[in-house]
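For reference, the structure is listed below as structure tokens.
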Amino acid sequence: MRRPRPFMLVLGGLAVMGVLRTTTAIFFPETDSEPSAFVSSAHASGGTEQPMPVPAAVSAPAPPMLCETPEEMLQAMSEERALLDAQKARLIEQQSEVELAQEKLGIEQKRLADLKTELEGLLATVAKAQTDDLDRLVALYSSMKPKEAAAILDDMDIETSVMVLATMPERDAAPILAALNRVRARAISRIILERSKLPGDQRLQGLKL
């Protein structure tokens, strides 16, 4: 068998290196174009391509923990206690104002009740005095002769005449009413009849006195 010559071996090696360089430039443009570097790298790795290490994800720094110091905690507690004390004092003041207002209201209610009682007493006294005076007046006219009483009542205001005759017993009022002026007697009779009705139902228009 014929051994290859050294010159042919050199040419073959150069050809192989050219092919490797062209292939590397086409498929691996970012890698070193020197075939020796590629070959040495492949040889160093035992002929197998090792995966490139993936950089670990950079995590965001954790927010710093807010730790209050004992002094800050004491300050916050002191402020909260002061706020509670102020609210308590305000509530006590409002309660005192309400109690004072209630006391004043009670005094005013008592004063009004006393005034009402006094006024009712005065009205009762006046009403009794009027009743007594009217009874006395009726007794006086009842003791008169009918003509004399009628002569006085003819010149008296119509309200008093009506009150006297309406309060007087019928047996005493009838002779006096008969002795009155006929026009006045009709007016007094009409008023006595209508006064028990409501003001809207009374028919006193055109009444002649």
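Could you tell me whether residue 184 is charged (D, E, K, R), at pLDDT below 90 and either in a helix (DSSP H, G or I) or loosely packed, with under 10 Cβ neighbours inside 10 Å (or both)?
Considered against the rule, which asks whether it is charged (D, E, K, R), at pLDDT below 90 and either in a helix (DSSP H, G or I) or loosely packed, with under 10 Cβ neighbours inside 10 Å (or both), residue 184 comes out as yes.
Residues in the range 157-180 that are assigned to a loop (DSSP other than H, G, I, E, B) and either in contact with a Cys (Cβ under 6 Å, 6 or more places away or on another chain) or surrounded by 15 or more Cβ atoms within 10 Å (Cβ to Cβ) (or both): 168, 180. Somewhere in the range 84-93, is a residue of a type in the set (S, T, N, Q), at pLDDT 90 or above and not assigned by TED's automatic domain parsing to the domain that holds residue 165? Within the range 84-93, one or more residues are of a type in the set (S, T, N, Q), at pLDDT 90 or above and not assigned by TED's automatic domain parsing to the domain that holds residue 165. Pick from the range 187-201 the residues that are outside any helix (DSSP H, G or I) and at pLDDT 60 or above: which of them is surrounded by the fewest Cβ atoms within 10 Å (Cβ to Cβ)? Only one residue fits best here, namely 196.
Just one of (1) surrounded by 10 or more Cβ atoms within 10 Å (Cβ to Cβ); (2) assigned by TED's automatic domain parsing to the domain that holds residue 190 fails for residue 138. It is (2).
Considering each of 82, 89, 149, 124 in turn, give the residue that is closer than 30 Å to residue 175 by Cα, assigned to a helix (DSSP H, G or I) and either under 36 Å from the mean Cα position of the chain (by Cα) or small (Gly, Ala, Ser) (or both). Steps first, please.
Values: 82 fails: closer than 30 Å to residue 175 by Cα; 89 fails: closer than 30 Å to residue 175 by Cα; 124 fails: closer than 30 Å to residue 175 by Cα.
Among 82, 89, 149, 124, only 149 is closer than 30 Å to residue 175 by Cα, assigned to a helix (DSSP H, G or I) and either under 36 Å from the mean Cα position of the chain (by Cα) or small (Gly, Ala, Ser) (or both).
The values are calculated or read from the model by the stated rules, or taken from the named source; none is laboratory data. Bear in mind that the values here come from a model prediction, so they are computed numbers and not experimental data. Backbone-built Cβ (ideal geometry, glycine too); neighbour counts: all protein chains shown.
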